[in-house]
Amino acid sequence: MVSTDTIAQSLLSGVLEGGDYALYSLGLAFVFGILRIINLAHGEVVVLGGYVSYWLLVKWGVSPLLSLPLAGLAGGAAGLVTYRVFLGRAREAPELNTLILTFGIHVLIANVFLQLWTGDLRSIEVDLLERPISVGPVRASVGELLAFVFALAVVAGMQLFLSRTRAGRAIRVTAIDRDSAALAGIDVARVDRRAFVIGGVLAGVAGPLLGVLAHLSPGVGGPLTVKAFILTVLAGVGSISGLIAAGMILGVGEAMTVTFLSSSLRELFGFVLFLGILLARPSGLFGQRI
């Protein structure tokens with residue numbers, strides 16, 4: 001018999017982890033919504049941001065909170081290089097070509113990580129972020145709470161950027177109708193490049209939180225990309241704000257699966273949910289154009 005305290009703790013853990021999932025997925029969902037490119041190297045860019053924060057902490061004692069801008073900068077640089085060297089030239093190619101291309105980039109970056117830093121698991125450990133906070137029967141670490149608040153802030157910031165800024169509106173118009181955007185004088189190629197770089201920045205800033213809450217290794221990127229794509233489909237293509245709700249659904253569902261069934265079925269829940277959404281509502285729960 002599962003106690004109510006255990007259920008309450010699982011719910012809290014699922015909600016907090018759902019916010020993290022949303023942040024991990026935001027860059028992939030944004031790029032997919034704008035460019036219709038499924039970036040299979042997305043997870044590696046998240047891991048890159050995590051490694052940047054990890055080594056800044058190990059070498060110079062820089063807090064992961066302070067290294068977030070540098071992690072985002074590294075992710076943006078990786079996005080810019082990837083787009084200029086590979087994807088920019090294949091922009092008008094069939095979608096399958098870009099899928100294969102980004103898979104090749106995923107394999108390349110993962111192997112570079114393996115050569116540089118081996119396959120060891122690395123975590124970003126800061127005493128303050130590991131300090132527990134208890135409220136009644138439930139508890140969470142400072143790091144988990146800060147990560148959740150940060151995820152909400154980043155998603156809200158993206159919504160404001162897309163709706164209130166000239167660059168954001170240009171991105172939205174391009175996502176809706178590329179030909180009309182070009183006729184209106186928007187440099188579509190520049191918007192594509194900018195969107196991919198923004199996706200890299202969003203992935204990069206998620207990396208330090210991944211290192212704090214879980215671990216970093218060259219093999220983490222692939223599973224992370226799969227989970228990000230599941231969340232993108234669950235939220236619906238183009239739904240940025242829907243990622244938070246979708247992340248919570250996935251996080252709470254996984255937590256309840258572990259609590260009532262088995263930890264070995266945790267990942268299975270996400271795939272069952274993914275297939276169910278594809279069959280019942282292919283546009284996703286909150287699907288809309290960006």
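The values are calculated or read from the model by the stated rules, or taken from the named source; none is laboratory data. Predicted, not measured: the structure shown is a model, and the values here were computed from it. Using ideal geometry, Cβ is built from the backbone for each residue, glycine included, and neighbour counts are taken over all protein chains shown. Each accessible area value is taken on the protein alone, full model and side chains, heavy atoms only, with ligands, DNA and RNA left out. Shrake-Rupley method; radii C 1.70, N 1.55, O 1.52, S 1.80 Å.
Could you give me the percent of Cα pairs per 10 Å distance bin for the stretch 162-239, shortest bin first, beginning at zero and ending with the bin that holds the maximum distance?
15, 37, 30, 15, 2
Please give me, ordered by residue number, the trypsin sites (Lys or Arg not before Pro) of the stretch 212-290 that lie in loop per DSSP and have at most 13 other Cβ atoms within 10 Å.
R289
Can you give the Kirkwood hydrodynamic radius of the stretch 126-200 from its Cα pairs, in Å with one decimal?
About 15.1 Å for the stretch 126-200.
Post the alpha-carbon centroid distance, the stretch 137-155 to the stretch 29-66, in whole angstrom.
Cα centroid of the stretch 137-155 versus Cα centroid of the stretch 29-66: 18 Å apart.
Enter the per residue convex hull volume of the stretch 195-260, computed from alpha-carbon coordinates, in Å³ rounded to the nearest integer.
107 Å³
Roughly speaking, to the nearest percent, how much of the chain's 1.4 Å accessible area is carbon and sulfur?
Ligands and nucleic acids excluded, carbon and sulfur give 66 percent.
To the nearest 0.05, what FRET efficiency results for T4 and V112 with a Förster distance of 30 Å applied to their C-beta separation?
Calculated value: 0.05.
What is the stretch 139-278 by shape, rounded, prolate or oblate, if you read a ≥ b ≥ c off the alpha carbon gyration tensor as root eigenvalues and call it rounded for a/c under 1.5, prolate for a/b larger than b/c, and oblate otherwise?
Note, shape of the stretch 139-278 comes out prolate.
Most fluctuating residue of V31, V272, V173 in a GNM of the chain with Cα springs under 10 Å: which is it?
Judging by the Gaussian network model, the answer is V272.
Of all alpha-carbon pairs in the stretch 1-131, indicate the percentage at a distance above 26 angstrom.
The answer is 37 percent, as a whole percent.
Starting from the Cα gyration tensor of the stretch 81-216, take the square roots of the eigenvalues, sort them a ≥ b ≥ c, and report rounded, prolate or oblate (rounded when a/c is under 1.5, otherwise prolate if a/b is larger than b/c, else oblate). Don't skip to the answer; put the middle values down first.
Details: a/c = 3.51, a/b = 1.48, b/c = 2.37.
In terms of gyration-tensor shape, oblate.
At q = 0.07, 0.11, 0.14 Å⁻¹, work out log10 I(q)/I(0) for the chain with the Debye formula, treating every Cα as an identical point scatterer and leaving solvent out; two decimals please.
Evaluating at q = 0.07, 0.11, 0.14 Å⁻¹ gives log10 I(q)/I(0) of -0.25, -0.64, -1.03.
For a quick check of your reading of the filter: which trypsin sites (Lys or Arg not before Pro) in the stretch 30-93 sit in a DSSP loop and have no more than 16 other Cβ atoms within 10 Å?
When the trypsin sites (Lys or Arg not before Pro) of the stretch 30-93 are filtered for loop state and at most 16 Cβ neighbours within 10 Å, R36, R89, R91 remain.
Strictly greater than 18 Å: what percent of every Cα pair in the stretch 39-115 meets that?
45 percent
Who wins for biggest fluctuation among D192, D127, D20 in a Gaussian network model of the chain, springs between alpha carbons below 10 Å?
Among D192, D127, D20, the largest GNM mean-square fluctuation belongs to D127.
Counting only heavy atoms of the protein chains, get the accessible area per residue of the chain (1.4 Å probe) and round it to a whole Å² value.
Normalised by residue count, the accessible surface of the chain is 47 Å².
Provide the net charge surrounding G247, with neighbours chosen by a C-beta distance below 13 Å and charges set as Lys +1, Arg +1, Asp -1, Glu -1.
Around G247, the surrounding residues sum to -2.
For the chain, modelled as a Gaussian network with Cα springs under 10 Å, which listed residue fluctuates most, G88, G211, G19?
G88
Apply the a/c threshold of 1.5 to the C-alpha gyration tensor of the stretch 1-57 and tell me whether it is rounded, prolate or oblate.
Judged from the Cα gyration tensor, the stretch 1-57 comes out oblate (a/c at least 1.5, b/c at or above a/b).
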